[in-house]
Structures are given as structure tokens and as C-alpha cells.
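Reading through the C-alpha cells given below for one structure.
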């Protein structure tokens, strides 16, 4: 019974694994290790290359997306100029509205005076007509 699984896939995989390690293992090539003073610059160079590629990819992605620094700065400057112009125009608008209100009040006042003068004129014409009748009657 203990050898019932000897032909199974697990048993075969274990035998192959055992064959890789131990006395029956295939020959291994032994290589000398690079000294640290050769490895260090290669590692630093590789990291610098990876960092450069990362920065380039990031900037390239921003350009594709439309986030260009120069254009954004130019748009910020233009936006500030437009905001200043809007503030100036709003102040002019407020001054013009005040002038308009003053002119409307003046026009209403003049209209009132005109109406009173028309009434006074009509009264004076009536008085003149009465006086002329009186003077004609005396003659």
C-alpha cells in the first residue's frame, strides 16, 4: 500500500526535483563575482536611466493630456489680466449706473417742474384772457 502512489504525477514530480539536487544533480558552472566597485556604478547608471525614463514618460503623458507648463503659465497670466480688466469694467459699470440714476432723478425732477410750469402757464393764460376781456369791456 505505501507504494500505491508511486506512478502518480506528484511522485514523478518529487523524483525529478530530487534528481536536480544532490549527487546526481547536473553540473553547475561557477563564475566569479564582480567586485563592488564595478557593480556600484552599473547599478547607479541603471537607476539613473530608469529615473530618466520615468521623468520623460511623465512629461510626455502630461503633454499628451494637454498639461504643458508653459501654456498653463501663459493661461494663468492671461487669466489674471482678464480678471483685472473685469474688475475695472465693473467699477466703470457701477459709476455709469450711478450717473444713470442721477440723470433719471434729474429728468423726473425736470418733468415735474415742466408740468407745474405748464399748469402755471395755463393759469396765466386764463388770467390774461380775463384781463383782456376786462380791458375790452372798459373801452
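Here, each number is a calculation from the coordinates, and none is a lab measurement. What you are looking at is a predicted structure, and each value in this text was computed from that prediction instead of being measured. When we count neighbours, we look across all protein chains shown, and the Cβ atoms used for this are built from the backbone with ideal geometry, even at glycine.
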According to a simple spin-label model (label point 7 Å from Cα along Cα-to-Cβ), what is the distance in nm between residue 67 and residue 18?
6.0 nm
Cα-Cα separations in region 11-68 greater than 13 Å, expressed as whole percent:
76 percent
Can you give the calculated 222 nm mean residue ellipticity of the chain, where each DSSP H run of n ≥ 4 adds -39,500 (n - 2.57) and the sum is split over every residue, rounded to the nearest 500 deg cm²/dmol?
-29500 deg cm²/dmol
I need the Debye-formula profile for region 58-139: one equal scatterer per C-alpha, no solvent, reported as log10 I(q)/I(0) at q = 0.21 1/Å, two decimals.
-0.97
With each label point set 7 Å from Cα along the Cα-Cβ vector, what nm distance links residue 84 and residue 48?
4.4 nm
Assuming R0 = 22 Å, can you tell me the calculated FRET efficiency for the pair residue 124 and residue 103, based on Cβ-Cβ distance, to the nearest 0.05?
0.15
Per 5 Å bin, what is the whole-percent P(r) computed from every C-alpha pair distance within the chain?
2, 6, 5, 5, 4, 4, 4, 5, 5, 5, 5, 4, 4, 4, 3, 3, 3, 3, 3, 3, 3, 2, 2, 2, 2, 2, 2, 1, 1, 1, 1, 1, 0, 0
If one compares the long axis through the Cα atoms of helix 69-138 with the longest principal axis of the Cα atoms of the chain, the angle in degrees, nearest 10, works out at 10 degrees
The chain: angle of helix 9-20 to the longest principal axis, Cα-based, in degrees nearest 10
70 degrees
To the nearest 10 degrees, how steeply does helix 36-65 sit against the main Cα axis of the chain, on a 0 to 90 scale?
30 degrees
Most fluctuating residue given options 40, 21, 51, as computed from a GNM of the chain linking Cα atoms under 10 Å:
21
Can you tell which of 39, 69, 31 shows the greatest fluctuation in a Gaussian network model of the chain with Cα springs below 10 Å?
31
